[in-house]
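Working notes, structure below.
The values are calculated or read from the model by the stated rules, or taken from the named source; none is laboratory data. The shown structure was predicted, so the numbers you read here are calculated from the model rather than taken from an experiment. With ideal geometry, Cβ positions are generated from the backbone for all residues, glycine too; neighbour counts draw on all protein chains shown. For accessibility, only protein heavy atoms count, side chains too; no ligands or nucleic acids. Shrake-Rupley method; radii C 1.70, N 1.55, O 1.52, S 1.80 Å.
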Amino acid sequence: MSITLPSNSKMLTSDFIFGVATASFQIEGATTTDNRLPSIWDTFCATPGKVKGADNGDIACDHYHRWEKDIQLIKDLGVDAYRLSIAWPRVMDEKGEANQAGLNFYRNLLKKLKAEGLTVFVTLYHWDLPQHLEDKGGWLNRETAYQFKHYADLVTKELAEWVDSWATFNEPFCAAILGYELGIHAPGLSEPKYGRQAAHHILLAHGLALPVIRKNSPTSQVGIVLNMNRSYAASEKSEDQFACLLRETLDNQFFIEPLMKGQYPQLLNTVAPQYLPTILPGDMDIIAQPIDFLGMNFYTCNHNAYDADALFKDVKNSDTVEYTDIGWEIAPHALKDLLVNLHQQYKLPPIYITENGAACADEIIDGEINDEQRIRYLDGHINAVHQAIEAGVDIRGYFAWSLMDNFEWAEGYSKRFGLTYVDYNTQERTIKHSGHAYRALLNSRPF
């Protein structure tokens, strides 16, 4: 099986970047090494019943000690770029001063990535908030936005030399809604009104940090990474169409409209005002500052039916469709639909697909991992990106999630998203058939 693109695809030119992505808490381990502070995810993992198998990030993929070999692994996959995140608790102490040991880890890592000719994309916040800030209210506390600005200032001053692209946040929806409204992710709070206020403070933090990053790292791109699923109505009935519209508004437009237009969706004022946060004068101007790129993480779609209490509810697709091991529908057409729809609604900056991938029930047999479903998934979605570009969407790069199997948040180590298989007992890495297929696509490019 292979991943192929039409020979005339713009994705096969030297202007288009292919990469792989990871996140600090998911791979680094070493959670108490070199003065790293506890994060909300360390606390969440230690809370009984929160993470499958009572798994935690203490060791993860031990990337903190194996990073040099992992860079070789990235090189072996033949990619142009690597996307990683910085662990806030690793680089600052409780007073907000630099922890040089933690900064040295990233400095050495980034230097080596650049020496190997890789383009480096760094995310400042991939969910691992220092626990001492959560103790003061976390993202429900407006002050945390200013603490983030200070953190972004310190990190970009120290590391700008080796970074091509900075993203302030990864998936504000997950950090705010899953963490503060639904309680599925750290810090595990579940109050309906909390999620949207946390989201507002995260978007505010993004805006506050932008000028600081630009000053410290003037030659780098600066943007943000959103995650979106394409929403569909469960039927043609007007109630279900309304349910779909509200889901789309809350999940997607709530996060992109402030960035692009300086406002939250107007629909909510009349239909669901309980979802609107408290906003102070000037906030929306800060949030809506121009960005150099928009990162888009995409995995699946959803189908929505009307619900009298919640207004919408998730229902399974009635068609015969395929699902991944995590129970997500495989729907490459939904990625094209989403990108084209956003392009029609907004004057978008250049887009990078910063995460896309599948959890499969991978097994290592005779030293090989035949993850045929993942190859089909990647082929479908990479071609969906091609189709979106053909339809006029400005997309500059694609990052497969993930470089390797890792800690999958509330799912612990039960779900494998990697192009590389990790044996968690030995930490041995083995490139899966999907990794070889991805490399073959990249090697087939004519330049």
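Determine if the stretch 147-155 includes at least one residue that is without any contact (Cβ under 8 Å) to a residue 40 or more places away in the chain and surrounded by fewer than 24 Cβ atoms within 10 Å (Cβ to Cβ). Looking through the stretch 147-155, none of the residues is without any contact (Cβ under 8 Å) to a residue 40 or more places away in the chain and surrounded by fewer than 24 Cβ atoms within 10 Å (Cβ to Cβ). Here the stretch 359-389 is the region considered, the condition is being aliphatic (A, V, I, L, M) and part of a helix (DSSP H, G or I), and the residue that is farthest from Asn8 (Cα to Cα) is Ile375.
Residue by residue, here is whether (1) within 26 Å of Leu84 (Cβ to Cβ); (2) charged (D, E, K, R) holds:
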{"position": "Gln266", "(1), (2)": "no, no"}
{"position": "Val271", "(1), (2)": "no, no"}
{"position": "Leu294", "(1), (2)": "yes, no"}
{"position": "Phe312", "(1), (2)": "no, no"}
{"position": "Lys347", "(1), (2)": "no, yes"}
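Of everything listed in (1) open to solvent by 50 Å² or more (accessible area, probe 1.4 Å); (2) touching a residue at least 40 places away in the same chain (Cβ under 8 Å); (3) within 30 Å of His381 (Cα to Cα), the single unmet condition for Pro211 is (3). Screening Ala60 against (1) in a loop (DSSP other than H, G, I, E, B); (2) over 22 Å from Arg429 (Cα atoms) leaves a single unmet condition, (2).
For the stretch 65-99, give me each residue that is of a type in the set (Asp, Glu), touching a residue at least 60 places away in the same chain (Cβ under 8 Å) and either in a helix (DSSP H, G or I) or open to solvent by less than 10 Å² (accessible area, probe 1.4 Å) (or both). Asp70, Asp76, listed by residue number. So which of Ile382, Ile353, Ile375, Ile365 ends up being open to solvent by less than 10 Å² (accessible area, probe 1.4 Å), free of Cβ contacts under 8 Å to residues at least 60 places away in the same chain and more than 23 Å from Ala243 (Cβ to Cβ)? Just a single option satisfies the conditions, and that option is Ile353. Within the stretch 235-260, can you find the residues that are over 27 Å from the mean Cα position of the chain (by Cα) and open to solvent by 40 Å² or more (accessible area, probe 1.4 Å)? Within the stretch 235-260, Glu236, Lys237, Ser238, Glu239, Gln241, Phe242 qualify.
Quick check on the stretch 390-398. Is at least one of its residues assigned to a helix (DSSP H, G or I), closer than 22 Å to Ala167 by Cβ, touching a helix residue (DSSP H, G or I) at 6+ places or on another chain (Cβ under 9 Å) and in contact (Cβ under 8 Å) with a residue 60 or more places away in the chain? No, every residue in the stretch 390-398 fails to be assigned to a helix (DSSP H, G or I), closer than 22 Å to Ala167 by Cβ, touching a helix residue (DSSP H, G or I) at 6+ places or on another chain (Cβ under 9 Å) and in contact (Cβ under 8 Å) with a residue 60 or more places away in the chain. Any residue at all in the stretch 322-345 that is more than 24 Å from Asn383 (Cβ to Cβ) and over 20 Å from the mean Cα position of the chain (by Cα)? No. The single residue among Ala167, Ala160, Ala176 that is touching a residue at least 24 places away in the same chain (Cβ under 8 Å), part of a helix (DSSP H, G or I), of a type outside the set (Lys, Arg) and open to solvent by less than 10 Å² (accessible area, probe 1.4 Å) turns out to be Ala176.
If you go through the stretch 326-340 and keep only what is in contact (Cβ under 8 Å) with a residue 60 or more places away in the chain and either in contact with an Asp or Glu (Cβ under 8 Å, 6 or more places away or on another chain) or not charged (D, E, K, R) (or both), you end up with Ile326, Ala331, Ala334, Leu335, Leu338. Note on the stretch 1-59: residues that are open to solvent by 50 Å² or more (accessible area, probe 1.4 Å), in contact (Cβ under 8 Å) with a residue 24 or more places away in the chain, among the hydrophobic types (A, V, I, L, M, F, W, C) and over 22 Å from Lys432 (Cβ atoms) amount to 1. Only one of the listed residues (Leu259, Leu246) is in a helix (DSSP H, G or I) and over 24 Å from Asn170 (Cβ atoms). That residue is Leu246. From the set of residues in the stretch 179-195 that are part of a helix (DSSP H, G or I) and open to solvent by less than 10 Å² (accessible area, probe 1.4 Å), which is farthest from Pro277 (Cα to Cα)? Among residues in the stretch 179-195 that are part of a helix (DSSP H, G or I) and open to solvent by less than 10 Å² (accessible area, probe 1.4 Å), the one farthest from Pro277 (Cα to Cα) is Gly179. Residues satisfying the criterion are present in the stretch 408-430 (criterion: open to solvent by less than 10 Å² (accessible area, probe 1.4 Å), in contact with a Ser or Thr (Cβ under 7 Å, 6 or more places away or on another chain) and polar (S, T, N, Q)). Looking at the stretch 276-325 only, could you name the residues that are open to solvent by less than 30 Å² (accessible area, probe 1.4 Å), of a type in the set (A, V, I, L, M, F, W, C) and farther than 16 Å from Gly207 by Cβ? Matches in the stretch 276-325: Met296, Phe298, Cys301, Ala305. Please tell me if Gly117 is within 30 Å of Ser444 (Cβ to Cβ) and either in contact with a His (Cβ under 6 Å, 6 or more places away or on another chain) or surrounded by fewer than 15 Cβ atoms within 10 Å (Cβ to Cβ) (or both). Answer is yes for this residue. Among the residues making up the stretch 399-436, those that are assigned to a helix (DSSP H, G or I) and in contact with a Leu (Cβ under 7 Å, 6 or more places away or on another chain) are Ser434, Gly435.
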